[in-house]
1. Can you run down the residue pairs with Cβ atoms below 7 Å, 6 or more apart or on separate chains, where the first is in the stretch 82-93 and under 12 Å from residue 31 (Cβ atoms) and not assigned by TED's automatic domain parsing to the domain that holds residue 35 and the partner is at pLDDT 80 or above and in a helix (DSSP H, G or I)?
2. If I ask for residues that are surrounded by fewer than 21 Cβ atoms within 10 Å (Cβ to Cβ), over 14 Å from the mean Cα position of the chain (by Cα) and part of a helix (DSSP H, G or I), which ones from the stretch 180-209 would you list?
3. Just to check your reading of the model, which residue among 562, 505 is out of contact with any helix residue (DSSP H, G or I) (no Cβ under 9 Å at 6 or more places or on another chain), at pLDDT below 95, farther than 23 Å from residue 140 by Cβ and buried (at least 18 other Cβ atoms within 10 Å of the Cβ)?
4. For the stretch 225-239, name all the residues that are touching a helix residue (DSSP H, G or I) at 6+ places or on another chain (Cβ under 6 Å), surrounded by 24 or more Cβ atoms within 10 Å (Cβ to Cβ) and closer than 19 Å to residue 414 by Cα.
5. Residue 134 versus (1) in contact (Cβ under 8 Å) with a residue 24 or more places away in the chain; (2) assigned by TED's automatic domain parsing to the domain that holds residue 198: which is the lone unmet condition?
6. For residue 531, are the conditions met, namely being in the same structural domain as residue 580 (by TED's automatic domain parsing) and either surrounded by 17 or more Cβ atoms within 10 Å (Cβ to Cβ) or at pLDDT below 95 (or both)?
7. Hey, can you tell me all the residues within the stretch 283-326 that are modelled with pLDDT under 90 and out of contact with any helix residue (DSSP H, G or I) (no Cβ under 7 Å at 6 or more places or on another chain)?
8. Check 212, 145 and return the single one that is free of Cβ contacts under 8 Å to residues at least 40 places away in the same chain, surrounded by fewer than 24 Cβ atoms within 10 Å (Cβ to Cβ) and in contact with a helix residue (DSSP H, G or I) (Cβ under 9 Å, 6 or more places away or on another chain).
């Protein structure tokens, strides 16, 4: 179950729309910027601004696809008049031959980055999310899409409304879904690779700003950032994957000249704090490390402004997302211990390979010796993340979530700086060959420069091949779990697309019974709430055994369904009161009440009124409403008076073709100890009705028959001679 061609087209169209407005704005904000930087800036700037605007307006109105397209239309249109008015200030020149070669190599590297990031899916031939957190974000994205507000009920349990701490990430992906028209499945499969490509692109842009150009080397090594189920990584569509790109993007902005960058850094950190607080903390660490070395270069004003705009967004975010996370962070700084439920991770050289770590250590010495604020800031950032890992691992100092995410940020800055080391080897290798060439000029002649350059390139290619040779098998062998198979996902998708066809004013089908290990994924995909999950997120664990017992019993325990107000069942069922609508998908309209009635007097005289009284019963709650259909167009509620016997004896025929029918429509009311009043439905579910039919026969006496079915009432009426 791969991806259809139309889905690829939609996804690419969404990328174009996400880049375009930011790219146009970059022409106004930064006059001197190459095309590659503008593409990276366009993507980052567009997603930050659009997500912040959508979140702001969602506090006032319900966000819809129409609003988003209207906003993007305005967003794209605003820069155009200014660009037209200042078109003389813009010039375009064809790239040099060297630039074209570098662009071709970069495209090849980006394709390789896509391949490495998509590897878990292609190796396992599994085209669904690979981690629990991905399914959680799937559910929250649906929650925002359905509500149109950043505050919405829990998408898994239907609990109280709240603003998720990573709402910015959910708004970004929901906006991309609306813009592109792609399915969430396509987005969850392709977006991690797209984010990895932009992370690689940002690494390239940073490397090209260095005196020793290391853009290609850094962009290549970023492909080897590991992903596993413990500390996550770029192959999962989680806020961390976006955070890796934004962290490098923040450095890219900080490297720009002028005061405009400070407003952009402020907005970037604010969005990151709303999209993934741990990534915002990582970004703050990176920018502060960078500003320290700016100050050492006597750029005090620039360093001070960067430090200032790094802190202010956290104050704004404090009033938006739950304050619990800020309080935990402050308490951790002052020594309170937070113990993770997950096993600790041993920091090992095997995650990136010894060659990459060797290049990192070499680059660290080069950065300290002759690097600028950029290289030194990257080195200090890596050292900071090593310190975070060490302090928590050794002394439980800090927060578990910061400890977990520090691994990926460490790997990011190790690979980027390793690219600097790889470029350094190339440069010093070329210098070495040139020096030898000067000593042995009669052997090298005029070709010494060409030989030196070729030698440098050969060293880089050889080291890259060695890294790939050892790293790719490690990435391929990484295990992942599969909670549901693709057939089950197809059934979940069918439910999401078709469940509304079965709803009416009496049946909302909002709560389901399903295996607790699959419950959260079921809710994320279908939008139907569940009551017990033993996967992530966990809830209702106390009734998980009861749920498993119900499912093992083939759904026969009606009491369980009634007790928990469940109306959708996923599993194998053998219960005549459940209606099967798809493979392993059943609906419970409620247990039919038993319709019955009596009438008095039992032996009526001519002209005497007969009173009909309901004696219907229901096993749950009480019947609070019913109606009588007398077959002649008269429908009344409650008890009925007014059927008169024509003849003088008690066993006379009655009017209405010498028979009468009373069809009873029942609406039970349930009340349990959970403090809620459960208003049920008029009994008319799935085309089924309850019909109680009594007739009088002079020979056989009184007969009472109970019919349940889907045939029309007229087919059930019989004349009594």
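1. Correct list of pairs: empty, since none qualify.
2. 208
3. Numbers: 505 fails: buried (at least 18 other Cβ atoms within 10 Å of the Cβ).
Result of the check over 562, 505: 562.
4. Listed by number, the residues that qualify are 225, 233, 234, 235.
5. Going through the list (1) in contact (Cβ under 8 Å) with a residue 24 or more places away in the chain; (2) assigned by TED's automatic domain parsing to the domain that holds residue 198, residue 134 breaks only (2).
6. Criteria met by residue 531.
7. Scanning the stretch 283-326 gives 311, 315, 319, 322, 323, 324.
8. 145
The values are calculated or read from the model by the stated rules, or taken from the named source; none is laboratory data. Model, not experiment: these values are computed from the prediction. Positions of Cβ are backbone-derived with ideal geometry, glycine not excepted, and every protein chain shown enters the neighbour counts.
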